[in-house]
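Report on one structure; see the data block that follows.
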Amino acid sequence: MLVTKPLAELCALLIDELHGELPSRIFAMLLTKGRSTVPQLAQYTSMTPRQIRHGLAVLHQHNLLYYHVDASSDLAFYEANPENAYNLIRTGKILEMVETSFGAPAKDVVQSLLLSGQTRISDLVAAYKEKIDHATKEAAANGEEADWAAETNGINGDAPSTNKAGPVVKSTAHLNSILCRLVEAELIEVVHSTTFESPQDVQKIVEKEVMDKFFPAGVKGNKAKIEFQEKMAEGLRKVRAESKSLKRKLEQQGSGIKRRKLMENLAMAVTNGNHEEDLDPVLDPRQVIRINYEKCLVDLRNRRLVQFATDMYGETTAYVYGVLLKLLTKDLPRCRQDPLADVSEDKHDAEKPFLVTTDLILDNLKTSVDLSLGIGKAERRQVSRSVAERVEPYPPARRTFLDEAEVEGEASADEDEEDDESSEGSEEDEEDYKPVANGEANGVNGTNGARVKFAGAGGAAKEPRRLDRPTQLRQHLLLLCESTQHFVRHCGPDEWTVDFPALLRSLRETELDTVIERKCGRQGLRLARILRSKGKLEEKALPNVALMRKPELQQKMLEMQSAGFVWVQEVPRDLKADVKKSFFLWFCDVERSLGQMLANSYTTMVHCMQVLEALRYKERDVLETTKRTDVRGREKDAMRKEYYERYSRYLDCERKLFAQMMRLDDLVSVLRDF
């Protein structure tokens, strides 16, 4: 991860916000000086070794640094972990995602892990047991019966049902069940011996083991180099698999299968009083666990893509897309592949993409969702079926000319129209329809000019027969396949997959277009799209292509150049560099623009944190008053009117600043992490 000055400052401010000034100063110095020992840090920061060790303990507890012990000198070298430091800003999003997927009790457990850092399971159980005992004593003191019923629901966003108000986690068995579900979802991982080794150190350790075991005489020849790369990839995968040891134990005991069967018969289980906690094995109390940010990023990416699909096609199609993404990424450990460990896997498995079938998607859809919403209908004879249901077995980037000829050469549009005309009187004419987005309801389909008709529209001479649920699901999936954003690819008969690189490329360009339109208007966006499609254009030819006057065009291009969206290249006609005898080519570099947007996002987030700090210093007398025990929780009644108004204005500004940072983090996630 490339750490720039704004990003380093932002990470230090985030640690200062959550863990205090001492760890923040040490972390900033590690980012500035690089890998250091305790005496070196004491020299750099002018702090005592005791203070340094306290700060390093906090950073180590919250997985914010790497360390490596040199075998020759027995010195511990510490190094900053900027990835986890930046992930502190996503704490709220992770908690919201967990609550939506697993319920409020799971959110409470994840919040405890985020606050305490890496934790032994026995310590976590003891802390929750103390909370439950405290709530039981309070209920007994108030003369109430402390019967905390364990929740049997609260999964996938359903509202948990409780008999009485009490602690969110009802018992230690309930806590164990929550931990099992989070471990199976890979949101929690196990801390092992190489967890705090930096990726470079892990690679060196694996390389040394491979060289000592398989290549004692050295790597010689191309065949030996290929074998060495395969052994390296295998060793790195073994190191990575150590964090999933707890999940493998649960899979061996079959708890996941039992839970799925239980959820299918949830009503019967509730009636009989059999709770899900009884089916989960007790986790090893000696295991040390922590939050797996890489898997959390996968789920956050799914939520962002579902939001993208909602903006394009509506809520019903986006819900189908969300179920598809959830099934596809169930066993996906991270957003981006490791070039050393993932690419060198078995070629057969690497060539085979993650895919799901239509029946599997249909089984995971909620029966309460009406799939007839969000799609239009066109008569079958007006639709080219070979185009609508074309199968693309390979991703767009790897498609060759031969593959295109084989796929697209099945049937031409004329042949398909003749087939449709011959079967015009068939009973299946009303069964297959080409999906059309909501925004094209009153327009003309760009493929074949077929007018769109929606169910219930006025003036219809004949009401078409209602489609069954599997056919409606296929309409939504085919609609996602036909999008220019490449949401879904139809990779086989009733098989679907998602090409994440192409989709995220489209999403990044959409974010870039949004920023260009806000800063330079519709004309600037149009010029940027022209340059992206045409490539480099000469200054004299650009007015004719853009259909704009030369003075207006020059002014707009200079505005976009100052904003960092377009650039100009001077090409001399001869060896002598003369401005009057040179070509000036305008071009748009997407990667360069996205990099500048990322740097600007870091700078803006740092500015938001600095404004918040200045605001807290300005209102420090009011904030100190709210910390008093007799004021906390009843600020409106206990504080004077002018003090409470200042406190309300401060809360409003703080809320707006955090909301701005969350929007910027969405942009950073799309540009860098997804």
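Tabulated results
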{"item": "Any hit, the stretch 40-54, residues being of a type in the set (A, V, I, L, M) and in contact (Cβ under 8 Å) with a residue 40 or more places away in the chain", "result": "no"}
{"item": "Contacts under 6 angstrom Cβ, first residue in the stretch 524-539 being in contact (Cβ under 8 Å) with a residue 40 or more places away in the chain, partner buried (at least 20 other Cβ atoms within 10 Å of the Cβ) and β-branched (V, I, T), 6 or more apart", "result": "G524/I516; A528/I516"}
{"item": "Residue under evaluation R336, criteria (1) modelled with pLDDT of 80 or more; (2) in contact with a Leu (Cβ under 8 Å, 6 or more places away or on another chain); (3) assigned to a loop (DSSP other than H, G, I, E, B), criterion not met", "result": "(2)"}
{"item": "Candidates K581, K556 - the one that is of a type in the set (D, E, K, R) and within 17 Å of K519 (Cβ to Cβ)", "result": "K556"}
{"item": "Residue list for the stretch 533-547, restricted to those being in a helix (DSSP H, G or I) and surrounded by fewer than 17 Cβ atoms within 10 Å (Cβ to Cβ)", "result": "S533, K534, P543, N544, V545"}
{"item": "A241 vs. criteria in contact with a Ser or Thr (Cβ under 9 Å, 6 or more places away or on another chain) and small (G, A, S)", "result": "no"}
{"item": "Single condition A57 does not satisfy, out of (1) within 29 Å of S669 (Cβ to Cβ); (2) modelled with pLDDT of 90 or more; (3) in the same structural domain as P39 (by TED's automatic domain parsing)", "result": "(1)"}
{"item": "The stretch 483-520, residues that are among the charged types (D, E, K, R), in a loop (DSSP other than H, G, I, E, B) and either in contact with a helix residue (DSSP H, G or I) (Cβ under 6 Å, 6 or more places away or on another chain) or more than 18 Å from L325 (Cβ to Cβ) (or both)", "result": "D494"}
{"item": "Residue under evaluation D494, criteria (1) closer than 30 Å to L478 by Cβ; (2) at pLDDT 85 or above; (3) touching a Ser or Thr at 6+ places or on another chain (Cβ under 6 Å), criterion not met", "result": "(2)"}
{"item": "Residue that is nearest to the chain's Cα centre (by Cα), among those in the stretch 94-115 that are of a type in the set (G, A, S) and closer than 21 Å to V323 by Cβ", "result": "S101"}
{"item": "Hits in the stretch 580-638 - residues which are in contact with a Lys or Arg (Cβ under 7 Å, 6 or more places away or on another chain), free of Cβ contacts under 8 Å to residues at least 40 places away in the same chain and not polar (S, T, N, Q)", "result": "K581, E619, V622, L623"}
{"item": "Total residues in the stretch 625-652, condition within 33 Å of the chain's Cα centre (by Cα) and surrounded by 15 or more Cβ atoms within 10 Å (Cβ to Cβ)", "result": "1"}
{"item": "Hits in the stretch 548-586 (condition: of a type in the set (A, V, I, L, M) and either under 13 Å from G524 (Cα atoms) or part of a helix (DSSP H, G or I) (or both))", "result": "M548, L553, M557, L558, M560, A563, V566, V579"}
{"item": "Residue match in the stretch 154-169 (condition: at pLDDT 80 or above, out of contact with any Pro (no Cβ under 9 Å at 6 or more places or on another chain) and closer than 22 Å to Y128 by Cα)", "result": "no"}
{"item": "Residue in the stretch 118-131 that is among the aromatic types (F, W, Y), crowded, with 16+ Cβ neighbours inside 10 Å, over 29 Å from the mean Cα position of the chain (by Cα) and at pLDDT 80 or above present", "result": "yes"}
{"item": "Flag if V202 is modelled with pLDDT under 85 and either in a loop (DSSP other than H, G, I, E, B) or under 24 Å from L297 (Cα atoms) (or both)", "result": "no"}
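The values are calculated or read from the model by the stated rules, or taken from the named source; none is laboratory data. Please read all numbers here as calculations on a predicted model, not as lab measurements. Ideal geometry is used to build each Cβ from the backbone, glycine not excepted, and the neighbour counts take in all protein chains shown.
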